[in-house]
Structure formats: C-alpha cells, structure tokens
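Here is the structure we will look at, set down as structure tokens.
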Protein chains: 2
Amino acid sequence: MSAGAPVPIAPQGAPADVSRLSLNTATTKAWTLREAVDGAARAGLPAVGLWRDRVAEAGLREAARIVADAGLRVSSLCRGGFLTAADDAGIAAALQDNRAAIVEAATLGTHELVFVVGGLPAASAPGGGALPYPSRADRTARHPLADPARDLVATRRRVADRIADLVPFAAEHDVRIVLEPLHPVFAADRAVISTLGQALDLAAPFPADVVGVVVDTYHVWWDPDLERQIARAGAERRIASYQVCDWILPLAADPLLSRGYMGDGYVDFATITRWVTAAGYLGDVEVEIFNQEVWDTPGDQVVATVAARYARHVQPHLAPSPQG
Amino acid sequence: MSAGAPVPIAPQGAPADVSRLSLNTATTKAWTLREAVDGAARAGLPAVGLWRDRVAEAGLREAARIVADAGLRVSSLCRGGFLTAADDAGIAAALQDNRAAIVEAATLGTHELVFVVGGLPAASAPGGGALPYPSRADRTARHPLADPARDLVATRRRVADRIADLVPFAAEHDVRIVLEPLHPVFAADRAVISTLGQALDLAAPFPADVVGVVVDTYHVWWDPDLERQIARAGAERRIASYQVCDWILPLAADPLLSRGYMGDGYVDFATITRWVTAAGYLGDVEVEIFNQEVWDTPGDQVVATVAARYARHVQPHLAPSPQG
C-alpha cells in the first residue's frame, strides 16, 4: 500500500492527505488505463477504481500488471449487474457476463465488484419506452396483474434471484457483489435499486463479505433515511466503497453526465462523510465524475481539482488514517 | 356532487366511468379557470384541481362562483409550501403566503391544500447553486457543521417547524395541509420531502384531518417502500389526493415538464392504483401533467386523451364507486 506523496492544494498551499483517495477511471475518460494509473501515481494517489471497458482495452492480465507495477491498489471494479432480464436467454447472458466480471475483479486483485442492477424491461425494449399499448383484451385478461414490462415489484424480485444465483461463484473467487443504489431518476432505465435501505435488504440473506453496498453521494444524498441506513450498513459491515461527487443543476441533457466536482453542487459532504466515518468505514474514497466538461479537461488538471476538492470537502470529515 | 356524463372512449366506444376523475388546471395550461371548468364539465368530469395562479386571475370569489355554478367540486388547491427559508423575513413571508392560501382553499370549498415544501437554501440563492465556496476559515470555524445552505437535515427540520406554525390556522379554516413528496430529482431545488414515508412522519404529530399527504405517481412510483407507505397512509386516514401521470424518458430539459399521459411512460398504474384502493381511498383522482407538448394541444383534445387513458390504465383498478 502506497501512502502517496502530498499534493499542494491551492490557494493555501497546505499538503493534502490523499492517502484514501482513489481515482475512478470514469473521471478521466480520455485516458487509457495506463495513463490513468500513471496520472494517479503522479498525483500521489494510492488507488484507482477501474471500469471494465478500460481493463478490456488493456487486456486483463496486462491491466493487473500495470496497476501492480505502479504500486497502486484497485479500490473497486465497475461494473457487473444488468440482472433484470425476464427471459431465459437474457438471464443466461447476464449470469455469464457477471461471472466474467467476478473473474476479472479477482484477477485485478480487488475484492469489490460494483453492480448496477439494470432497469425495467420496458426501458430495454426496442424503441425504448414506446412499447405498444396492450390491447383491451390483453389488459382485461391480465387484470389485475401489472404490465410485466413495467412491473417494478417483479423486476426487483428478479434482481434478488440473480444475486442468489451469483453468490456462490463470487464467494469462491473472494469477490464481493457490491450493490449500488442509483438515484431514483435512473429507476426506469438503469437500476431498480433506488435506496441504500433497499440495497441492504437485498444483501441481508448473504454474508457481508460476499454481498455489500456502495454509498455514492450522487445517488443517495437526498434520502431522508440516509443517516440510519449508513449506520446500518456499517453495523452490518457491508460498506464496500464510498464514492463522492456532487449533484449539480441544471441537469445535463443526459442525467448520467450531470455529476460535478465536490463543492459545485448541492451535496452536504461534511454531514454524509461524518455518517460514513461514524459507521466505521476506513476504506478508499473514490471520485467518479461523469461530466462532459470534466472529460474535456486535461487529465492532470482533473486529478488536481479532484484532490483539492477532496481535501476541502471530504477528507476533514474522515477518521484519521491509521498512518496518522 | 355531479356524477358526470359518460365519455366515449376510442377505439371501443365503451363509455368511461369518469365519476372520480378530476382535471388539474395545470394540465390545460392555456385555458383560463373558466375555460378549464367549462372543458371539464363538457367532458362530464365532476371535479377540477385548481392552481392559485388561475384562481388569482379570475379573482377568488369569482373563481369559487364559476366552479359552483358549473356544479363541479374542487378536488384540491395547488399550492402552498416553500417553507424552507432560514431567515426571519423569509419565514414571515412564507407563513403569510400560506395563510392566504388556506383562506383561498376554504373560500373555494376544498378541504385539500397541496404543499410543495421548497428546496435547499443553496438553490434559492442568487445565481442558483453557484454559491461562493466558504473560505477555509469559515469551513474550519464551522467544522464539523454542515454548510447551512446545503444542510438537508436542518432544512427538513425547518419544514416541520413551519407546518407546526400553520396547523392551528389550517384547522380553524377546516383546510388540510397536504404534504406532497416530490421525486428526489427535485430534492435540491423544489421539495426536501422526497418520500411518502417521510411525508407521513412529518404529518404524524398532527390530526389526520389537518395534515395529510398526496400520492402522485410521477413522484413516488420508484419507491421500494411504496406499498407499505400507501397502506400506512390509508390506515392513518391521511391520503388527501391521488394524482396520476406518467414518468417518461428521455427527461425534458426541464424535468418539471417531463410528465406524460398515463401509458406513455414507465409507471405501473395497475399496481399503484390497487395499493391506493386497498388503502381505502375513495376520493378524486387528479390528472396533473406538466408537458409542453400537452400544453400546445387544444384543451378539449387533452381532456379527451386524459379521460381515455384514465379509463384504460387507472379506473379499472379503483374500487367500484358508491354510485355503482
């Protein structure tokens, strides 16, 4: 584990403690995996969060070697998931892809595989949400059943079933399935897990070192039950990752790209970070920002801004690191 | 109470039971209050939901007369709220405006005054969210306190305080403060009440006929705790209004305008309507659609589409009406 060199923070010039700061490769999208690893190392960061696309480009074993040679740790791998298919072929494909992701995480030396679980069938149908209306006969025949393509309860039940399917394989490979609640703005099309409490309920049947959760400020900041659920996640030892970025307005045309640097939006990082600290979390803090403007900025400048904002808004509210 | 004449529904031509369907004037934005009342009456609808801007244009007593003369009921008045100010002047202004809204509701003969409670102070600051960063000295001085402009916990506490302030006045006027949980996409800038459970917690200290909640499918459809909270709302006799419209994608540039006709998006109306029915709700069902395309459509055509979609997606899942 590399403690990392101090990074000067404008304007005070005081060195930042980045010993728990991890650069997620999605933040520096224009960089290859090697460039991101080198950039993180140059800035003194001890860890990177990897996306599977960058790993695939580099080749799995080569990616593992690049990270190890740089002396960094892999805080998490993004992402498994998309578990909501209702048909046999779709289920089989999802299980196969997620088993591959589990092997990739193990090979990269990370315990934490983040899962974005997928949306409603209606959102993945050809033509998006514009499904044909059921005929009156269909509706009457099904009454009072829900339209299966929009049946959120059944879709969530399938996610629970797929997690159960994958748990033994994950446990064999010492990889944790890390459930990510996504902001409810993504409930239709990306993730039917919408709250931390729901993620913990889904994790509950399984051991804490096989199914965990991620606390991503962008997705959970609004939740009136957040303090209680973070405490619960800590007590259950399921917090696998703490990810930070800000909720900015107006939303980008694609809300997926509407994340900002910490301090640019509405998230109360002091409070949420203190809750995560009080819950006993001592792991890495990943910064994962999807934002076209950030992506258009030179990588080193992005990393410097990330480190400065982390030092200002997040790090002061973490527990003192074991290194002192 | 007018039961309403049947409306022919294409393509089957079967008459629709619209005896509980209420047209919210926000759906036919181009219409004056009189035009909306006339349009609802022409379509056989028994009720309208009114916005205060349309009432103000018509004049309060004239508005009450127009609705009464048409034999319609007012299912709700929108809206009070915006209770999150932290300064004395802002608090006084909010209380004054809400007392006026309570008087308006009583004058219009509706028991239900819908409250949209307002967002974070950071979102109403000049320049929107682009507040200046606190200086390092400020931050250190406040540590570990949150930035007050982004302190969601404190903002929510102020909402509870303002509700308590308004309850006696509302009770005197036989008007119910109806708390509306808004979709979390609006948590920063429009409403810090984000779930039905949170709304019920805020209502809990007060009698059910003075503080209630609205179930608006657009805002709550994603909630994994929805079935339980609707049942709780029914058991506590706090469901003051059931509002229906759809969650459509992609989001409009202004997410406020991203609502659709029932059936055009992702909401499972059958399931949610059955939960509301099981909770014992027997009141009006309001259709409130903010959508530029709908607003650009002739009002009578909008009302016909609303009635048709209601008949197809909502009405079959309601309890049989007392009339038969």
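The values are calculated or read from the model by the stated rules, or taken from the named source; none is laboratory data. Just so it is clear, the structure is predicted and the values come from calculations on it, not from any experiment. Reconstructed Cβ throughout: ideal geometry from the backbone, glycine too, with neighbour counts over all protein chains shown. These area figures cover heavy atoms from the full protein model, side chains too; ligands, DNA and RNA do not enter into them. Shrake-Rupley method; radii C 1.70, N 1.55, O 1.52, S 1.80 Å.
A few remarks follow.
- Residue with peak Gaussian network fluctuation, chain B [Cα springs, cutoff 10 Å], from B:Ala123, B:Ala89, B:Ala36: B:Ala89
- Prolate/oblate/rounded label for the protein assembly as shown (Cα gyration tensor, a/c 1.5): prolate
- Overall form of the range B:139-254 per C-alpha gyration tensor (a/c, 1.5; a/b vs b/c): oblate
- Rounded to 10°, Cα long-axis angle of helix A:299-313 versus longest principal axis of chain A: 90
- Ascending distances from the A:Asp174 label point to its copies in the other chains, with the point 7 Å along the Cα-to-beta-carbon line: 7.3 nm.
- B:Leu196 contributes about 0 Å² of solvent-accessible surface, heavy atoms of the protein only, 1.4 Å probe.
- Position B:Glu35, label points 7 Å along Cα→Cβ, spacing to each other copy in nm (shortest first, one decimal): 5.5
- Phi angles of the range A:185-192 translate, via the Karplus equation with coefficients 6.51, -1.76, 1.60 and θ = phi - 60°, into HN-Hα couplings of 5, 9, 5, 6, 10, 10, 7, 7 Hz per residue; Gly and Pro are given as x.
- Across the range A:238-303, the relative contact order, built from alpha-carbon pairs under 8 Å that are at least six residues apart, equals 41 percent.
- To the nearest 10, the accessible area of B:Leu182 is 10 Å² with a 1.4 Å probe.
- The phi torsions of the range B:65-73, fed into the Karplus equation with coefficients 6.51, -1.76 and 1.60 and a -60° offset, translate into couplings of 5, 4, 5, 5, 4, 7, x, 9, 9 Hz, rounded to whole numbers, with Gly and Pro shown as x.
- Where labels lie 7 Å past Cα in the beta-carbon direction, separation of A:Asp174 and A:Leu256 in nm: 3.3
- At full extension, A:Asp296 and A:Arg157 could sit 46.1 nm farther apart than now, given 0.36 nm per residue minus the alpha carbon distance.
- Estimated vicinal HN-Hα couplings, Hz - the range A:228-239 in sequence order (Karplus 6.51, -1.76, 1.60; Gly, Pro = x): 5, 6, 5, 4, 4, 4, x, 4, 8, 6, 10, 6
- Global geometry of the range A:197-324, whether rounded, prolate or oblate, following the gyration tensor of its Cα atoms and the 1.5 cut on a/c: prolate
- With the helix formula -39500 (n - 2.57) applied to DSSP H stretches of n ≥ 4, the protein assembly as shown reaches a computed 222 nm mean residue ellipticity of -12000 deg cm²/dmol.
- Using a 7 Å Cα-to-Cβ projection, B:Pro250 label spacings across copies, nm, ascending: 1.4
- Spin-label pair B:Asp165/B:Leu282, simplified geometry with 7 Å Cα→Cβ offset, distance in nm: 3.8
- Residues whose placed amide H lies under 5 Å from that of A:Ile289, excluding near-sequence neighbours: A:Thr27
- Shown is the FRET efficiency for B:Ser124 and B:Ala231, computed with R0 = 30 Å from the Cβ-Cβ distance and rounded to the nearest 0.05: 0.30.
- DSSP-defined beta bridges in the protein assembly as shown - what % are antiparallel, rounded to 5: 10
- Residues whose amide H lies under 5 Å from that of B:Gly212, counting only those 5 or more places away or on a different chain, are B:Ile177, B:Val178, B:Leu179; hydrogens are built 1.01 Å from N in the peptide plane.
- Amide hydrogen neighbours beyond the local backbone of B:Gly80, cut-off 5 Å, H modeled: B:Val114, B:Phe115, B:Val116
- Against the main long axis of the alpha-carbon atoms of chain A, helix A:152-172 sits at an angle near 50°.
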